[in-house]
Each structure stands twice: as structure tokens, then as C-alpha cells.
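A short worksheet on the structure shown next.
Just so you know, all these numbers are worked out from the coordinates, no wet-lab data involved. Fair warning: this is a prediction, and the values are worked out from it, not measured in the lab. When we count neighbours, we look across all protein chains shown, and the Cβ atoms used for this are built from the backbone with ideal geometry, even at glycine.
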Amino acid sequence: MACPPIEANPINAGFGAVVTGVDLADLAAQTSDALLELAHRYAVLVFPGQFLSDDEHLAFARRFGPLERALNSRSDTRFSRLSSVRSNGDLVTANSMVARMLESNMVWHTDSSFKPIPSTFSLLSCKEAATSGGETEFADLRAAWDALDPDQQAHLDGRRAVHSYRWSQEQADSADWLSEEDWAALPPVEQPLVRTHPATGRRNLYLGRHAVQVVGEDPEASRRFLAELCDWACQPPRIFAHRWSAGDLVMWDNRCVAHRGRPFPYGQRRIMVRATVAGAPPPGGDNPWVLD
Ligand code: OGA
Ligand code: MN
């Protein structure tokens, strides 16, 4: 029987597409090549109604490279689980440690920018959607770069920012969800403020909540500058929100897209699971976060 053709319907934000006509649990190799091309073009791919098991989710993510280890060594190392339901079945309550951790994701960021080699793709699967709120918003940092005038681009190009997960979790009052041992593996790192995507050659801003300061500049002033630049970058017409339904999987490219969770009332169930594809080290280098 012939497979239905893959269809990619662009989202009306200049990036992002809804992809149908594909079963992510049962993909031919050439289909995952075609999806990688779509991911490079659109930067965010929404796959409705996939209902992947954990194993299918991991297998699909591995098509795009080795996976990254999750941060919290006390929990599952293959997935980042974002859940409003605790392991004992109770719902998370406002101001609890888990609530503060979930809220830390409600500030614009790109996943693992605080690791020496940041991730390429994140693949977030919705097990249970909140009945109100709980969308995930995306911002196109390529379009943000393109919207800067040449003087502003020249000012930013070549600069580097310090990214620190400990600092950003402290801002969100949720540094206590990692142990001192976990923190020891996460010292601050430097990243370029402007990146060139290795597959497309497009340039983009690279910043978000983990970016503490511009290297070599006044800490306070450059922190404010980065926050203002991020606020400006993550604005219409460069953003869209995905409203989740159970079974959806969304894949985004952390190298050129920022995202944030939107609030939802505590007392609702919202269960999300994320697999993350590790960035490739430079020739001869090593990425200590690759999951073996
Ligand atoms: C993530 C994330 C936001 C959300 O999974 O990396 O930031 O909406 N999620 O759950
Ligand atoms: Mn995230």
C-alpha cells in the first residue's frame, strides 16, 4: 500500500510547520531525511496525534543524532519530564519546588545553551494537556537577526555571552532541584551571541534566560542589555504559540529558536516528556553530555 505523502503546512509566523501524513513510530530512513530537511527549513515541526511510547520517542529522536543526558541525576537520565503530577499521584501545588522548576521554563530560553556543546533538537511529547493555558511559545531568532539594522548587527557580531544554568535557576528560585554534585558538572560556559546554522548558513541571535552577561562587559549593564535584546527578539511577528493536545510531538532546533512555557492553573494535569539531541563536538573533541 502506498504511504500517504508527508504534508508540511507552514504556521503563519514566518517559521514552524504542522506535519501530517507521517507515523513517527514507523519511519523509513528516507522519511527521516525528509523530516530533517523540513526541520532545517521551518525550525519547529509540530506532529499532531502521534501518541508515541517512551521507546518510540527515543528511537525517533535518535534519528537525528546521539541523545543528551538529562540534568537531574536523581531522575530518568534519558528524558526531561515536565509534569504537574508528582510520582505519588498528587498534583503540584503553587510555590512548591516542582512548581518553581516548571515556572523557570516560562522565561524565553534555548535548551542546554549552558552546556559547552548545546543541544541541536528538542523533541517534546504531550502525554496529558492542560485544559486551559500551558501552551509552548516559539520565537524565530533567525528572523530577529534579520530584523536588526547593519549597525546593530556589527555591534553584536563576534561578541560572546556567559551562560549559567545555576544563575538562571537561582533567578527562578529553583536551584534546589539539583544536587551539589549535579551543579558541579555545570560550570558557566561562553557561547557566541550570533551563530551561523551549520546546515542552512543562516545567521541568528543566540540568547535567552541562561545568558548572564556579555564577556568582557560590565556584568549588570550587559545583563540588562541581553534581557532587553531577548525581549525585543521574542516578539510578534516572530513568535507563535502551540496549544497542546495529548499525542502531539513538537521538535524544535535549539540552535536558532527560543521557546517558553505558558502558565496554567495548578490543580490541572499537564504531563510532558522531552528527549534532547546532543550537539556534535568539534573534530577531535568530546561532548561529556552524550548519553551512552
Ligand atoms: C522544554 C520546555 C516548556 C513547556 O521542554 O524544554 O521549556 O511548555 N518546555 O513545557
Ligand atoms: Mn526548554
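Using unit Cβ charges (K, R positive; D, E negative) and no other charged atoms, how large, in debye to the nearest 20, is the dipole of region 7-276 about its Cα centre? Display every interim value, and only then the final one.
Values: 29 positive and 35 negative charges, 17 e Å.
Using Cβ point charges on Lys, Arg, Asp and Glu, region 7-276 gives about 80 debye.
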Completion exercise
Hydrodynamic calc, the chain: Kirkwood Rh from Cα pairs, then Stokes-Einstein at 25 °C with viscosity 0.890 mPa s, so D in µm² s⁻¹ is 125 µm²/s
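Mind listing which trypsin sites (Lys or Arg not before Pro) in region 84-176 are in a DSSP loop and have 13 or fewer other Cβ atoms within 10 Å?
Those that pass, being in a loop and sparsely packed, are 86.
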Practice task
Indicate, rounded to the nearest 5 percent, the antiparallel portion of the DSSP beta bridges found entirely in the chain.
Solution key: 95 percent
Problem - Mean residue ellipticity (222 nm) of the chain, computed from DSSP H runs ≥ 4 via -39,500 (n - 2.57), nearest 500 - result: -7000 deg cm²/dmol
Completion exercise
In whole angstrom, the spacing between the Cα centers of region 193-245 and region 1-66 equals 26 Å
Practice task
Grab the beta carbon distance between residue 151 and residue 95, set R0 = 45 Å, and tell me the FRET efficiency rounded to 0.05.
Solution key: 0.50
Completion exercise
Any residue on another chain or 5+ positions along whose placed amide H is under 5 Å from the amide H of residue 244 is listed here as 136
Exercise for the section: Please report the relative contact order for the chain, taking Cα pairs under 8 Å with a sequence separation of at least 6, and give it as a percent rounded to a whole number. Expected result: 34 percent
Fill in the blank from the handout: Highest mean packing first, using Cβ neighbours within 10 angstrom, the peptides 115-125, 87-97 sort as 115-125, 87-97
Handout entry: Cα→Cβ-extended label distance, 7 Å offset, between residue 37 and residue 217, nm
Key = 4.0 nm
Problem - Gain upon complete extension [residue 179, residue 88; 0.36 nm per residue less C-alpha separation] - result: 30.6 nm
Practice task
Quick one, can you get me the convex hull of the C-alpha atoms of region 125-229 expressed as volume per residue in Å³?
Solution key: 172 Å³
Completion exercise
Averaged over all viewing directions, the convex hull of the alpha carbons in region 1-67 casts a projected area in nm² of 4.9 nm²
Practice task
Pull up all non-local amide H partners of residue 18: gap of 5 or more, or a different chain, and H-to-H distance under 5 Å with H placed in the peptide plane.
Solution key: 9, 11, 46
Fill in the blank from the handout: Taking 182, 286 and counting other beta carbon atoms within 10 angstrom, the fewest-first order is 286, 182
